[in-house]
Amino acid sequence: MTALVLIEVENGRVRQASRSAIAAASHFGDVDVLLLGEAPAEAASRLSGIRRALHAPSLKHALAEQAAALLAGLAGSYSHILSAASSTGKNILPRLAGLLDVQPISDVVAIKDESTFVRPIYAGNALATVQSSDSVKIMTIRSSSFDPVSEDGNEAAIETLETPADDGKSRFVKLEQSQSDRPELEVARVVISGGKGLKDASNFHTLLEPVADRLGAAIGASRAAVDSGFAPNEMQVGQTGKVVAPELYIATGLSGAIQHLAGMKDSRVIVAINIDPEAPIFKVADYGMVGDLFEILPALAKAL
Ligand code: FAD
């Protein structure tokens with residue numbers, strides 16, 4: 001068996017979520033990685049435990065149509081094709097599965113054997129063990145469930161690939177990307193999240209950032225906070241946002257709706273700050289503080 005992992009590079013480094021997908025792929029034998037676009041292939045070739053780094057530099061913007069066509073052409077050589085359950089992976093792999101007429105398996109959290117996998121269902125309230133009889137298994141991996149491989153492996157061979165002809169169905173228009181020095185939300189050790197109780201966008205900066213700075217934390221948000229324009233979409237935690245499992249999750253001014261819990265309830269220690277003692281977030285919190293976040297957060301930043 002040989003697995004292929006579609007990886008993503010950010011600022012010259014392979015994203016931690018992709019390195020977790022490689023760790024998952026190592027259950028299946030040899031692992032090749034595929035890197036799209038102009039990022040340096042050297043970053044990929046040093047990943048621990050990989051056999052080969054395939055590089056498609058002409059596929060600059062990782063458009064799903066072209067990337068899926070490229071992967072479909074490679075699929076015959078692999079038993080498993082994986083990626084992180086990131087926006088890129090979730091954009092490309094289902095399309096690939098459609099082209100190959102196989103059932104994609106999303107958000108895998110554990111691997112039982114080469115065809116049996118565990119994945120969450122019902123917004124994370126149950127775990128399903130699923131078995132696939134497809135000849136090639138197409139899977140996205142929940143990064144918080146697999147320890148990432150290191151970046152100090154032996155130099156693997158790099159092979160440059162030709163890109164299939166553009167079918168003209170989609171074209172790249174522009175990329176809008178927010179820059180942040182904070183850790184990636186999905187892999188941060190500490191996350192502090194804000195909800196509707198923050199009341200406006202400026203409070204995300206003035207109240208959450210000082211605490212996040214002191215703890216080296218990533219900042220998350222509830223969907224209500226995102227929908228209200230308090231925080232950008234990529235900060236949303238939950239069923240339709242990102243799934244996090246940090247060592248410490250601090251939930252402030254968010255009620256703890258089931259769809260939010262789906263994205264953070266596996267955090268090791270959960271701290272909730274909410275003015276309403278009946279807020280559902282207290283049911284999953286290890287430590288709860290009933291009070292006004294406008295008083296508590298500045299005091300917490302000061303104490304830290
Ligand atoms: P609210 O529920 O309005 O809670 C605000 C909280 O702030 C209250 O508990 C209040 O007591 C507290 N508060 C107010 N003022 C203060 C103060 N001064 N000090 C301290 N506490 C204060 N939601 C997500 O978060 N992520 C998702 O991915 C997601 N996906 C969804 C998918 C679907 C299909 C659906 C239907 C919903 C989804 N939702 C998701 C929305 C979810 O149901 C909730 O509406 C949302 O999580 C509520 O956000 P909130 O807790 O910030 O707001």
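Taking strands (runs of 3 or more DSSP E) that fall entirely within the range 112-176, which contain at least 2 residues that are buried (at least 18 other Cβ atoms within 10 Å of the Cβ)?
Working: elements: 116-121, 126-131, 137-141, 157-160.
It comes to 116-121, 137-141.
Filter the range 227-254 for residues that are more than 21 Å from Asp292 (Cα to Cα), touching a strand residue (DSSP E or B) at 6+ places or on another chain (Cβ under 6 Å) and without any contact (Cβ under 8 Å) to a residue 40 or more places away in the chain and give the result.
Applying the first criterion (more than 21 Å from Asp292 (Cα to Cα)) to the range 227-254 yields 227, 229, 232-247.
So of that shortlist, the ones also touching a strand residue (DSSP E or B) at 6+ places or on another chain (Cβ under 6 Å) come out as 235-237, 244, 246.
Gln236, the sole residue that qualifies.
In the range 193-214, what count of residues is obtained for those that are near the ligand (Cβ under 10 Å from one of its atoms), part of a loop (DSSP other than H, G, I, E, B) and of a type outside the set (Lys, Arg)?
Counting residues in the range 193-214 that are near the ligand (Cβ under 10 Å from one of its atoms), part of a loop (DSSP other than H, G, I, E, B) and of a type outside the set (Lys, Arg) gives 1.
So, of the residues in the range 215-263 that are more than 9 Å from the ligand (Cβ to nearest atom), assigned to a loop (DSSP other than H, G, I, E, B) and more than 24 Å from Gln177 (Cβ to Cβ), which turns out to be least open to solvent (accessible area, probe 1.4 Å)?
Residue satisfying both the conditions and the ranking: Ala245.
Exactly one of (1) in the same structural domain as Gly76 (by TED's automatic domain parsing); (2) touching a residue at least 24 places away in the same chain (Cβ under 8 Å) is unmet by Ser170. Its number?
(1)
Look at Ser115 and say whether it is within 26 Å of Leu36 (Cα to Cα) and hydroxyl-bearing (Ser, Thr, Tyr).
Working: within 26 Å of Leu36 (Cα to Cα): no; hydroxyl-bearing (Ser, Thr, Tyr): yes.
Against the criterion (within 26 Å of Leu36 (Cα to Cα) and hydroxyl-bearing (Ser, Thr, Tyr)), Ser115 does not qualify.
Restricting the first residue to the range 96-125 and requiring it to be assigned by TED's automatic domain parsing to the domain that holds Asp266, which pairs with a second residue that is assigned to a strand (DSSP E or B) and charged (D, E, K, R) meet a Cβ separation below 7 Å and a spacing of at least six or different chains?
From the range 96-125, no pairs qualify.
The values are calculated or read from the model by the stated rules, or taken from the named source; none is laboratory data. What you see is a predicted model; the values in this text were computed from it and never measured. Quick reminder, even Gly has a Cβ in these numbers, built from the backbone with ideal geometry, and neighbours come from all protein chains shown. All accessible areas refer to the heavy atoms of the entire protein, side chains included, with ligands and DNA or RNA removed. Shrake-Rupley method; radii C 1.70, N 1.55, O 1.52, S 1.80 Å.
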